[in-house]
Amino acid sequence: MEHATLGVRILVPLFSLCIIAMILVARKRDLFIRRIQGLSAIDEAIGRATEMGRPMICCTGLGIDGGVEIVTLQALSIVSYIIRTSARFATRAIVPVYDPQMLPVTEETIREAYTLEGRPDSYNSEDIRFLTNRQFAFAASVAGLISREKAAATFLFGYYYAEALIMAENGQQVGAIQIAGTPATTQIPFFIAACDYVIIGDEYYAASAYLSREPTQIGSIVGQDIAKGLILMIMLAGSVIVSIATYLGSPIGASFTQFFTK
Amino acid sequence: MFTPKIGGAWYGYIVGSLLAGIVLLVVLMQLPQRARKYVLWTVTFLGGLFYALEFFLPTHEMLIEGNKADGNFLSPFVVPMTNVLPVISAFAVGLGVINLFQMHTKRVLKWNLDSINSVAFFVAMIAMTVGHLMAKSPHPSPFATSLYKVLFEGALQSLDATMFSIIAFYITSAAYRAFRIRSLEATLLLATAIIVMLGQITLGQLLTHALPEYLHVEVVRNWILTKVNAPATRAISVGLGIGSLAVGLRIWLGLERGSYFDN
């Protein structure tokens, strides 16, 4: 079983404090977060689907360990925004689900998105589809869905593995406008090659804050930036300390490294 | 409590758990929506607190599951806590199957050209379930074993492998679009890809073996992968780690807003 090192015992609570502090600040005053092009393009993609009168495919990925997990919930919160926007224009959105545990959560979230836009009758339970929880069977199902429905837009958010390219290339073949976002660093290059817009790195976790403009989430993003600044400073300080200590033959460098590893 | 039971105790625990589960479900369903959110938040908080304390509290050598390992007073409960997940998952599989049945039954009843796909779904699902149950029985017949092999190894695994192999063609078409020289970035991508690909094969090494060692294609490839690609990937991973911490923290402390949280 993995347990925290001394460095982790100090740094994780420190980063958590930064995030909580900025959430509290954001609830009292407005904070700025920069524009994310891929997320601004979501409205453009929904508009295109509306004009073409064709449906959109919103996929929340396969997840990392299966079940209800943070990566998939984050994807679902982006999909919820897409559904709310598309509900205003009565544009159909199909949501394929990979994990059966995510099915009731997805159904409830989508139903609420339609209700919040005052269109509960637009919710169609057949559009939230559990397909399968086998990786390539799911890829084949989503690819088939994209081709059969001639999707005008595909949104691929969440954690993906090798099937990412199968889905994205099928979307490309039917001429869909494609927006993808994943924390899976191995799949980012494939999405960049096949999609119109890709949200990379921590932009993925910033997405719901950017879209909802909800103070708690915006504060959280600013807190994350402060935490990243701290990490950067520790890395720079570590590089200088370890380099000088190694040059002088001092044990301080080893102690600094041990702080993070033991 | 968390040790295997045998005989009458086993039946007692099964029946007791089932009854407790049914009572819990009935009570939860009677609760108003707002109260359910508090229950959800409390369970999430306690679950998160358990794993956080187990991870952060100081450890010492102790016996966990009969093996010597580093842990603290919460460590022996990690495996039983984790065993809850497959149980929830088993219930959820039922939900998935019900969803599939509902959707495909409607399609068969409506009957149009696409309904044949729904019929194929029912045939495949029933055949696979029956084949698996027969083959995994205590004394499977040769027919059951053959049926299982045909369905699982012959059909399902082959179909999986087919889908996986299709990726090779998709990579080619995606690479063609990505590597077309249209901008400075695309040109850099193309040049990098050529170097990395040549560095992987002996032909590339042969082409540059006459050059100084630091210009050997495998050396340049290694430099690109370890000094350019790896730091960029790590930077993305650091951002993702902090992002994940922030989302986890918001959910754990009930700060998140949305369907399953207070608005």
- How many residues does the range B:158-181 hold that are free of Cβ contacts under 8 Å to residues at least 12 places away in the same chain and either away from chain A (no Cβ under 13 Å) or surrounded by 13 or more Cβ atoms within 10 Å (Cβ to Cβ) (or both)? 13
- Task: Return the total of residues in the range A:117-154 being facing another protein chain (nearest Cβ under 9 Å) and surrounded by 15 or more Cβ atoms within 10 Å (Cβ to Cβ).
- Result: 13
- Query: Which condition number does B:Tyr260 fail, the rest of (1) modelled with pLDDT under 90; (2) exposed (fewer than 13 other Cβ atoms within 10 Å of the Cβ) being met?
  - Reply: (2)
- Query: Taking into account only those residues within the range B:107-124 that are at pLDDT 90 or above and aliphatic (A, V, I, L, M), which is nearest to A:Arg134 (Cα to Cα)?
  - Reply: B:Ala124
- Task: Would you confirm whether any residue within the range B:144-152 is loosely packed, with under 12 Cβ neighbours inside 10 Å and either in the same structural domain as B:Lys106 (by TED's automatic domain parsing) or part of a loop (DSSP other than H, G, I, E, B) (or both)?
- Result: no
- Query: Conditions: (1) facing chain A (nearest Cβ under 9 Å); (2) in contact (Cβ under 8 Å) with a residue 12 or more places away in the chain; (3) out of contact with any strand residue (DSSP E or B) (no Cβ under 7 Å at 6 or more places or on another chain). B:Ala92 meets all but one. Number of the miss?
  - Reply: (2)
- Item | Residues (facing chain B (nearest Cβ under 8 Å) and more than 23 Å from A:Leu11 (Cα to Cα)) located in the range A:213-233 | A:Glu214
- Message: I'm told B:Met163 meets every condition in (1) in contact with a Ser or Thr (Cβ under 8 Å, 6 or more places away or on another chain); (2) under 30 Å from B:Phe101 (Cα atoms) except one. Can you identify the failing condition by its number?
- Response: (1)
- Looking at A:Gly249, A:Gly253, A:Gly238, A:Gly158, which one is touching a strand residue (DSSP E or B) at 6+ places or on another chain (Cβ under 6 Å) and more than 11 Å from chain B (Cβ to nearest Cβ)? A:Gly158
- Hey, could you check the range B:33-83 for residues that are among the basic types (Lys, Arg) and in a helix (DSSP H, G or I) and say which is nearest to B:Ala246 (Cα to Cα)? B:Lys37
- For the range B:42-85, what are the residues that are acidic (Asp, Glu) and either more than 22 Å from A:Gly67 (Cα to Cα) or loosely packed, with under 14 Cβ neighbours inside 10 Å (or both)? B:Glu61, B:Glu65, B:Asp70
- Note on the structure: Residue pairs qualifying under the 6 Å Cβ cut-off, at least six apart or on distinct chains, with the first in the range B:207-235 being within 14 Å of another protein chain (Cβ to nearest Cβ) and the second being surrounded by 13 or more Cβ atoms within 10 Å (Cβ to Cβ) and at pLDDT below 90, are B:Thr233/A:Thr185
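The values are calculated or read from the model by the stated rules, or taken from the named source; none is laboratory data. Computed from a predicted model, the values in this text were never measured in an experiment. Cβ sites come from the backbone with ideal geometry, for glycine too, and all protein chains shown count toward neighbours.
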